[in-house]
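Working notes, beginning with the structure itself.
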Amino acid sequence: MQSLIAALSDLLDAESVRVPTRAQLHDSTEVRGIEPRADAWVTPRSTDDVGRVLAWCNARDVAVIPRGGATGFAGGAVPLHGGVVLSLERMNRVRALEPLRWRMHVEAGLTTAHVRRLARENGLLFPPDPGAGEQSQIGGNIATNAGGPHAFKYGVTGDWVSGLEAVLASGEVITLGGAITKDVAGYDLLGLLIGSEGTLAIITAAWLRLIPAPEAALPVVALYGDSVAGAAAIERVIGSGLAVAALEYLDAHTVAIAARGFPGPLPESGGFMVIAEADGSAAEAARLAGEVAAALGEDASILLEPRQRAEIDSLWRWRDGVSLAVTARLGGKVSEDIVVPFERLGEAVEATLAIGARHGLAACSWGHAGDGNLHATFLVEPGDAEALARAESATEELFALAIALGGSVSGEHGLGWVKRGQLARQWEPAALDLHDGVKALFDPRGILNPGKKLSRA
Ligand SMILES: Cc1cc2nc3c(=O)[nH]c(=O)nc-3n(C[C@H](O)[C@H](O)[C@H](O)COP(=O)(O)OP(=O)(O)OC[C@H]3O[C@@H](n4cnc5c(N)ncnc54)[C@H](O)[C@@H]3O)c2cc1C
């Protein structure tokens, strides 16, 4: 190991290389019992540095595990069997910010919140808004093709990426797309890298598309007696052709857990919550919000329409903190991001609770209703190996449920380590072969993030 550290220090400099402690190697899946192991942690300053590290490691079959903000929920950034963790944290420069052309060119290590702030300060919007934006990096968002509440109207991170600079396992640098909005010249290699979870190449920089920020964004919050009424309200909004920017849900258990910090009155009895947001010009947003309130209001026990900037910010801050509030209930959770056709959401929420009950686990779910994307969750105490084993069995049933309802095992977090092999549930063998062939083509020696995004167990 000493020789690895010495060689990497020669390639970069001593300050950019260290031996990590085990505690530094986790991501948001810490409770799930992954035993991380790495021999070195490097923090390159440039694309050139990344290229030199990859070329050296590739020639010697040393694993390289790219790491962004480590907020991932699939164990993707966690090293499993040693090797080099390559953290992008120091590659956080803005290469170009062109507000009048609605675009920016940034390095992969810039945080998501920083990207969004830069856009906002210039009257623009970078729409993808996954939670934990102060920690997650734009490179990590691209590598997982992250979503977020406003993906319902605006799409996921990949929809806002027009170009990438990336380094292949061999150390060669490739540039795909750029400051252009159309490009059909070759196969969609850009699309392949988006969502590839560090298994095909290391993303070092991205060209991002921006749009003028909507003048107003007006949320409407409604509470229902049960998930049947809540799911019906969600269908009413979509069926009425109301093009809201966000359409979120929280089941009654999640609302009960997170109720304390909610910025507004909630009935003692709680309930199934739907949050919709109407945006556009001030007049458009107000008209749409009124129609949304009418659609959601039909069976609602409570309807809230915050209109002050501070109230609206508090609502979204609260929504952003729901995942952490649920974790805090017992100290840990096993949560999966299954997707179903949105009209099956109510069924999926009820089935998640039933799966939890069968395994003796407290369960809850919340997520992106308009996208049919659940964060189906089982609560566990950290270190309770027996409860964790039950939760892992419960997730197997969750994945089977998603497929049975016509959905997918992952809508946001990717396969990473925790869902290794689960793709085989939903793709034909020929498609799985293509998936594995792509990996072999990009990374013939298998040094990039080994053990992750495996199609077959
Ligand atoms: C509180 C909370 C809320 C969240 N809410 C959402 C949400 O609403 N929507 C959503 O989609 N996700 C959400 N997430 C999950 C997570 O934030 C996203 O997946 C995020 O995009 C991960 O970014 P990161 O920089 O932390 O990546 P990491 O966790 O560091 O890495 C994730 C994967 O990407 C790879 N990777 C990272 N950087 C690079 C790079 N530069 N090049 C190549 N590969 C790379 C890693 O190897 C790993 O496989 C949430 C997480 C938390 C903790």
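The values are calculated or read from the model by the stated rules, or taken from the named source; none is laboratory data. Here the structure is a predicted model, which means the values were calculated and not measured. Here the Cβ positions follow ideal geometry from the backbone for every residue, glycine too, while neighbour counts run over all protein chains shown.
Residue by residue through the stretch 57-71, note down the ones that are more than 6 Å from the ligand (Cβ to nearest atom) and in a loop (DSSP other than H, G, I, E, B).
Once the filter is applied, which keeps residues that are more than 6 Å from the ligand (Cβ to nearest atom) and in a loop (DSSP other than H, G, I, E, B), the stretch 57-71 yields Arg60, Asp61, Val62, Ala63.
Among the residues of the stretch 184-193, is any surrounded by fewer than 17 Cβ atoms within 10 Å (Cβ to Cβ) and touching a residue at least 40 places away in the same chain (Cβ under 8 Å)?
yes
Examine the stretch 111-127 for a residue that is of a type in the set (S, T, N, Q) and under 17 Å from the mean Cα position of the chain (by Cα), and state whether such a residue exists.
Checked against the condition, which is being of a type in the set (S, T, N, Q) and under 17 Å from the mean Cα position of the chain (by Cα), the stretch 111-127 yields at least one hit.
Need the failing condition index for His81 against (1) touching a Pro at 6+ places or on another chain (Cβ under 9 Å); (2) away from the ligand (no atom under 15 Å from the Cβ); (3) in a loop (DSSP other than H, G, I, E, B), just the number.
(2)
If you go through the stretch 375-386, how many residues are out of contact with any helix residue (DSSP H, G or I) (no Cβ under 8 Å at 6 or more places or on another chain) and surrounded by 22 or more Cβ atoms within 10 Å (Cβ to Cβ)? I'd like the intermediate steps shown before the answer.
Within the stretch 375-386, the subset out of contact with any helix residue (DSSP H, G or I) (no Cβ under 8 Å at 6 or more places or on another chain) is 383-386.
Now narrow it down to the ones that are surrounded by 22 or more Cβ atoms within 10 Å (Cβ to Cβ): none.
Result for the stretch 375-386: 0.
Given the criterion touching a residue at least 24 places away in the same chain (Cβ under 8 Å), buried (at least 20 other Cβ atoms within 10 Å of the Cβ), in contact with a Pro (Cβ under 9 Å, 6 or more places away or on another chain) and farther than 30 Å from Ala278 by Cβ, identify the matching residue among Ala169, Ala205. Walk me through how you get there before you give the answer.
Numbers: Ala205 fails: in contact with a Pro (Cβ under 9 Å, 6 or more places away or on another chain).
Only one candidate passes the filter, namely Ala169.
Mind checking whether some residue in the stretch 337-359 is over 26 Å from Pro79 (Cβ atoms), buried (at least 17 other Cβ atoms within 10 Å of the Cβ) and within 14 Å of the ligand (Cβ to nearest atom)?
yes
Within the stretch 201-226, which residues are under 25 Å from the mean Cα position of the chain (by Cα) and over 30 Å from Val167 (Cα atoms)?
Within the stretch 201-226, Pro212, Ala213, Pro214, Ala217, Leu218, Pro219, Val220, Val221 qualify.
Kindly indicate which of Val31, Val50 is buried (at least 18 other Cβ atoms within 10 Å of the Cβ), in a helix (DSSP H, G or I), at pLDDT below 95 and among the aliphatic types (A, V, I, L, M).
Numbers: Val50 fails: at pLDDT below 95.
Among Val31, Val50, only Val31 is buried (at least 18 other Cβ atoms within 10 Å of the Cβ), in a helix (DSSP H, G or I), at pLDDT below 95 and among the aliphatic types (A, V, I, L, M).
Looking only at the stretch 391-401, how many residues end up being small (Gly, Ala, Ser), under 16 Å from Cys364 (Cα atoms) and in contact with a helix residue (DSSP H, G or I) (Cβ under 8 Å, 6 or more places away or on another chain)?
Of the residues in the stretch 391-401, 1 are small (Gly, Ala, Ser), under 16 Å from Cys364 (Cα atoms) and in contact with a helix residue (DSSP H, G or I) (Cβ under 8 Å, 6 or more places away or on another chain).
Residue-by-condition table, conditions (1) buried (at least 17 other Cβ atoms within 10 Å of the Cβ); (2) within 13 Å of Leu448 (Cα to Cα):
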{"position": "Gly69", "(1), (2)": "yes, no"}
{"position": "Val78", "(1), (2)": "yes, yes"}
{"position": "Met104", "(1), (2)": "yes, no"}
{"position": "Gly109", "(1), (2)": "yes, no"}
{"position": "Arg120", "(1), (2)": "no, no"}
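Restricting to the stretch 423-457, name every residue that is in contact (Cβ under 8 Å) with a residue 60 or more places away in the chain and farther than 15 Å from Ser196 by Cβ.
Pro444, Arg445
Quick check on this structure: which one of Gly139, Gly158 is buried (at least 23 other Cβ atoms within 10 Å of the Cβ), of a type outside the set (Ser, Thr, Tyr) and within 25 Å of Gly72 (Cα to Cα)?
That would be Gly139, the only listed residue that is buried (at least 23 other Cβ atoms within 10 Å of the Cβ), of a type outside the set (Ser, Thr, Tyr) and within 25 Å of Gly72 (Cα to Cα).
Find the helices (runs of 4 or more DSSP H) located wholly in the stretch 94-170 whose residues include 3 or more that are more than 11 Å from the ligand (Cβ to nearest atom), and list them.
Hits in the stretch 94-170: 112-121, 151-154.
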